[in-house]
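Working notes for the structure below.
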Amino acid sequence: MNEDEKTQQNLQAFKPQIESISRSGIALIVFLSLVICFGLFCLYTQVTRGHIVTGMRDNVVWGLYIVNFIFFIGISYAGALISGILHLLRVPWRTPIIRMAEMITVISTMIGPSYILLCIGRLDRLPNLALFGRIQSPIIWDVIAITTYLSGSIIFLYLAMIRDMAILRDNPVKNARWRNPVYRFLSVRYRDTTKQKELLNVSTDLLSIVIIPLAILVHSVLAWIFGMTLRPGWHSTIFAPYFVIAAVYSGTGVLIMVMWVFRKVYHLESQITKIHFNYLGLIMIILGALYGYFTFSEYLTSWYGSIKWDMEVLFRLFSPSEYFLQFVFAVFIGVLVPIIIVTVPRFRNINSIAFAAVIAVFALWVKRYLIIIPTLETPLLPLHDLRPEYVHYSATWVEWGLTFAGIAMFILLFYLFSKFIPILPIVRTGEEKDYSRLRKIVIEKQVKQNSGNNKKGSVITASILLLFMLVPLSQAIAEDEPEIRTVLKLEFFHVDANQDLVATLRARVDGKYQPLANMPLTFRYIQGNTVKEIGNAVTNLKGKVTMPIPENILNTGGENGIYSFSVTFKGQDKYPQATGNTTMKPVKLEMSFVLKDSVKMVSLKALEQGKDKQWVPLENVDIQFYVPRTFSLLKVGKGTLENGRTSIEFPTTVPGNQLGYLILVAKIEDNETYGNVEVSGTTNWGKPVPPEKIVKRGLGDTNAPLWMVYTLIVLLSLVWFHYMYVIYTVIRIRHLGKI
């Protein structure tokens with residue numbers, strides 16, 4: 001193979017690094033091997049004793065293992081996307097980092113799926129996944145997608161190494177000579193002829209085009225495993241792009257960390273410069289801003305929708321006693337700190353960008369934890385076992401040991417790979433820029449910006465001082481807030497045959513009213529100068545208490561037919577005492593459905609209790625008519641009582657059930673004399689709805705839809721056709737090497 005001067009220089013620089021291992025390298029290998037051995041011991045413990053040695057229970061069935069699986073698979077996609085896009089765009093500064101990105105892809109994709117196996121309690125049933133897997137299951141999609149993706153990533157990395165394999169074949173290594181036959185075999189007789197070069201470039205470009213959408217699709221499939229469940233916090237259409245952005249964001253951070261480490265270990269300061277860190281830092285903050293946007297959108301829609309179970313998960317995330325600190329670190333610090341470091345020139349240097357990458361990577365790992373654990377700790381059904389270890393997940397030493405073993409395996413494979421093939425490509429394509437000249441240009445620009453930066457620094461300093469001044473001011477304002485005021489409201493409700501008193505206890509705190517739960521209230525009946533206690537009750541979570549009115553109270557006849565009641569809160573802790581009062585006059589409502597000349601009418605008769613307990617017609621009171629719907633009452637009419645009667649025409653367009661039955665409700669609402677009185681009736685005058693179609697969910701259906709099967713077959717066939725074509729091209733390159 002032809003070797004130019006630049007290739008020879010690179011060979012002389014990198015060959016000693018792959019021929020020998022320093023003492024510190026041997027120490028690193030020994031340490032990582034010990035960590036991996038401890039992980040194997042943890043695995044043996046889990047297999048022999050069962051999942052009882054982990055923190056996973058029948059409610060939190062996933063733990064650190066799934067978190068690690070998502071994390072490793074996520075960072076692998078960044079390597080594929082970055083290397084593929086930079087290669088296709090022929091970005092001049094890509095050469096020193098593209099192999100590291102490809103190595104991240106392959107190694108992470110090999111380690112990540114192993115954590116899935118750790119979640120399986122019966123490894124002996126693993127073959128059933130291939131033998132009896134259901135094509136409509138997103139889990140099967142994930143298995144197929146990851147297998148296809150790993151195959152393509154290995155081929156892509158191999159194509160990028162063929163030229164270096166040929167150089168090492170022509171310049172055999174002196175130590176560990178077993179590698180020389182491997183180099184000869186893997187180099188496929190590549191001589192850098194015009195035809196071989198053309199075939200290799202076409203194959204690499206073709207695989208770059210395939211690997212980019214495949215990487216996006218694979219992580220989308222991983223997100224669909226969560227999004228297609230009905231669990232709170234997971235069932236979201238935004239999960240697929242959200243996962244992709246988060247994966248590339250964390251993967252870019254890992255790539256920056258790897259660059260920083262190998263730059264220090266192998267003294268690659270002249271190869272990996274500040275320009276590479278600046279460019280990748282810029283990519284990282286753009287992805288970080290997108291990740292922050294998706295995070296805000298996800299939590300905003302969940303909070304605004306206020307679905308009960310989604311709110312339960314949000315309460316856990318926002319609670320200082322549970323996950324608030326992790327939430328702040330993952331959502332705010334993990335986004336804002338990298339953006340500030342990279343965008344502010346004073347903070348932007350190689351070490352600070354690497355630090356920002358560390359923050360981003362750890363924040364994304366914590367975010368994966370927050371996606372998994374709080375949701376599983378919020379089951380839709382009540383827990384039957386309330387032991388703390390069953391309600392709250394806590395990882396055990398076994399799970400942490402296997403987690404650190406996976407990280408150690410990642411580092412070890414990366415280091416050993418760098419001893420088998422140079423961490424940077426030896427053969428260059430001639431597309432690199434003169435980085436020494438670019439560094440001079442950057443320095444000149446920085447000198448010109450120094451004066452402007454000083455002015456910006458003064459503005460920032462003034463802003464910080466103003467912020468510190470506002471903090472004590474806000475505290476002073478908070479101290480001057482008025483005392484807490486307690487409000488107690490008492491209402492009367494007469495629904496069909498039930499007559500109840502409903503008390504609502506609230507307190508004004510920080511300018512807002514909030515319900516007071518678990519507070520004792522005392523109900524009394526007042527008749528002239530006589531006060532009789534009805535009973536005591538405790539408020540619920542909404543600050544409400546419902547007290548049925550005893551029959552003996554209703555038999556007293558009240559005072560001139562009017563009954564007076566009161567409720568008292570004696571005060572507790574910082575909440576002062578409060579009292580509520582109400583009066584009511586008994587009313588009877590009777591509803592009937594009448595058909596007059598093919599016109600459907602709803603008739604209502606209303607009587608009030610007069611003197612001597614006689615029932616007389618009720619006059620000049622408004623009656624509201626409603627039909628209960630799923631979430632509220634649908635108003636269908638209004639009438640005013642005359643001589644104790646009123647009627648409305650029945651709305652025949654209102655849908656009922658499949659037979660046309662529906663409930664009609666007539667109400668007297670918030671009347672000063674009669675309170676809230678309600679009566680309901682059922683009729684079949686509603687509009688019948690069509691029979692409900694039974695739609696089986698994808699996982700429950702016995703047969704997968706044909707469109708799904710055909711789509712999967714076509715996509716897989718296209719991808720594997722390109723793989724086969726690339727392998728055929730490699731065979732052609734080997735055949736051309738004989739000539």
Exercise for review: Only residues that are more than 36 Å from the chain's Cα centre (by Cα) and of a type in the set (Ser, Thr, Tyr): list them for the range 11-37, please.
Suggested key: Ser20, Ser22, Ser24
Exercise for review: Go through the residues of the range 174-197 one by one and say whether even a single one is farther than 30 Å from Asn59 by Cα, among the small types (Gly, Ala, Ser) and in a helix (DSSP H, G or I).
Suggested key: no
Point to revise | Lone qualifier among Ile426, Ile339, Ile407, Ile353 - being modelled with pLDDT of 85 or more and buried (at least 22 other Cβ atoms within 10 Å of the Cβ) | key: Ile353
**Study point:** Exclusive hit being more than 30 Å from Tyr44 (Cβ to Cβ), in a helix (DSSP H, G or I) and among the hydrophobic types (A, V, I, L, M, F, W, C), set Ile144, Ile154, Ile139
**Key:** Ile144
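In the set Ile648, Ile668, which member is closer than 30 Å to Gly543 by Cβ, assigned to a strand (DSSP E or B) and either modelled with pLDDT of 90 or more or not assigned by TED's automatic domain parsing to the domain that holds Ile534 (or both)?
Working: Ile648 fails: closer than 30 Å to Gly543 by Cβ.
Selected residue: Ile668, the only one of Ile648, Ile668 that is closer than 30 Å to Gly543 by Cβ, assigned to a strand (DSSP E or B) and either modelled with pLDDT of 90 or more or not assigned by TED's automatic domain parsing to the domain that holds Ile534 (or both).
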Revision key, fill the gap. Given the conditions (1) farther than 17 Å from Tyr575 by Cα; (2) touching a residue at least 24 places away in the same chain (Cβ under 8 Å), every one holds for Glu533 apart from (2)
Point to revise | Residues (within 27 Å of the chain's Cα centre (by Cα) and hydroxyl-bearing (Ser, Thr, Tyr)) located in the range 390-429 | key: Tyr390, Tyr393, Ser394, Thr396, Thr403
Review point. Using beta carbons and a limit of 8 Å, which pairs, at least six apart or on different chains, have the first residue in the range 645-661 and surrounded by 13 or more Cβ atoms within 10 Å (Cβ to Cβ) and the second one of a type in the set (Phe, Trp, Tyr) and at pLDDT 80 or above?
Key: Ile648/Phe625; Phe650/Phe593; Phe650/Trp685; Gly656/Trp685; Gly660/Trp685
Review point. Given the conditions (1) touching a residue at least 60 places away in the same chain (Cβ under 8 Å); (2) surrounded by 16 or more Cβ atoms within 10 Å (Cβ to Cβ), and given that Lys574 satisfies all but one, which numbered condition is not satisfied?
Key: (2)
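Can you list the helices (runs of 4 or more DSSP H) lying wholly within the range 1-99 that have 1 or more residues being in contact (Cβ under 8 Å) with a residue 40 or more places away in the chain, surrounded by fewer than 16 Cβ atoms within 10 Å (Cβ to Cβ) and among the hydrophobic types (A, V, I, L, M, F, W, C)? First the steps, then the outcome.
Values: elements: 5-19, 23-49, 64-88.
Result: 23-49, 64-88.
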Practice item. For the range 292-312, indicate whether the set of residues that are in contact with a Phe, Trp or Tyr (Cβ under 7 Å, 6 or more places away or on another chain), without any contact (Cβ under 8 Å) to a residue 12 or more places away in the chain, of a type in the set (A, V, I, L, M, F, W, C) and surrounded by fewer than 19 Cβ atoms within 10 Å (Cβ to Cβ) is non-empty. Key: no
Check your understanding: Do we find that Val538 is surrounded by fewer than 16 Cβ atoms within 10 Å (Cβ to Cβ) and either out of contact with any Gly (no Cβ under 6 Å at 6 or more places or on another chain) or closer than 24 Å to Glu678 by Cβ (or both) in this structure?
Key -> yes
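Which residue is farthest from Lys419 (Cα to Cα), if the candidates are limited to the range 132-147 and must be among the β-branched types (Val, Ile, Thr) and surrounded by fewer than 19 Cβ atoms within 10 Å (Cβ to Cβ)?
Ile135
Whether any residue in the range 511-531 is β-branched (Val, Ile, Thr), more than 54 Å from the chain's Cα centre (by Cα), under 16 Å from Asn676 (Cα atoms) and not assigned by TED's automatic domain parsing to the domain that holds Ile648 is what I want to check.
Filtering the range 511-531 for residues β-branched (Val, Ile, Thr) gives 522, 526, 530-531.
Subset that is more than 54 Å from the chain's Cα centre (by Cα): 526, 530-531.
Now restrict to residues that are under 16 Å from Asn676 (Cα atoms): none.
No, because not a single residue in the range 511-531 is β-branched (Val, Ile, Thr), more than 54 Å from the chain's Cα centre (by Cα), under 16 Å from Asn676 (Cα atoms) and not assigned by TED's automatic domain parsing to the domain that holds Ile648.
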Check your understanding: Here is a list of conditions, (1) part of a helix (DSSP H, G or I); (2) over 30 Å from His392 (Cβ atoms); (3) not charged (D, E, K, R), and Ser270 meets all of them except one; can you say which number that is?
Key -> (1)
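The rows are residues; the columns are (1) of a type in the set (A, V, I, L, M); (2) surrounded by 14 or more Cβ atoms within 10 Å (Cβ to Cβ); (3) modelled with pLDDT of 85 or more.
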residue	(1), (2), (3)
Val567	yes, yes, yes
Leu595	yes, no, no
Val616	yes, no, yes
Pro628	no, no, yes
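The values are calculated or read from the model by the stated rules, or taken from the named source; none is laboratory data. From a predicted model like this one, the values you see are computed outputs, not experimental measurements. No Cβ is skipped: glycine too gets one built from the backbone with ideal geometry, and neighbour counts run over all protein chains shown.
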